[in-house]
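Here is the structure we will look at.
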Amino acid sequence: MFRQNGVTIYKYDTIKFAEGNYIESPDTFKKIDFYKDLFTLQDTVKTEKYFYPLREGRWLYFTDTKDTLNKEIYHLGILRE
């Protein structure tokens, strides 16, 4: 089972914008950069592995007047509803 972390996101430091949960990703993601070395003029590939938190469960989004604007359900970072 993945560890779940709750989060509340605020807009302008005082207005609640969204709330929901994140879980740790089950595997690493890869960031791949392609670039040309300016000294050797060779094409180079740089690969970086990293973890990315995934949205999980119910996420609520709010208007500036604290009314619920939208509700989304996630499972392992994939939007289900």
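The values are calculated or read from the model by the stated rules, or taken from the named source; none is laboratory data. None of the values given here were measured: they were computed from a predicted structure. Note: accessible area is taken over every heavy atom of the protein model, side chains too, but ligands, DNA and RNA are not part of it. Shrake-Rupley method; radii C 1.70, N 1.55, O 1.52, S 1.80 Å.
Counting lysine pairs in the chain whose alpha carbons fall under 27 angstrom apart, excluding pairs fewer than 8 residues apart on the same chain, gives 10. The value of relative contact order for the chain, using C-alpha pairs under 8 Å at least six residues apart, is 26 percent.
Of the candidates Thr63, Thr40, Thr14, which one comes out as most mobile in a Gaussian network treatment of the chain with C-alpha springs shorter than 10 Å? Among Thr63, Thr40, Thr14, the largest mean-square fluctuation in the Gaussian network model of the chain belongs to Thr40. Note on the chain: GNM, Cα springs under 10 Å; of Glu19, Glu48, Glu56, the largest mean-square fluctuation is that of Glu48. Ordered from highest to lowest accessible area with the whole protein assembly present and a 1.4 Å probe, Leu54, Leu41, Leu79 read as Leu41, Leu79, Leu54.
Accessible surface calculations at 1.4 Å, restricted to protein heavy atoms, place the chain at 84 Å² per residue.
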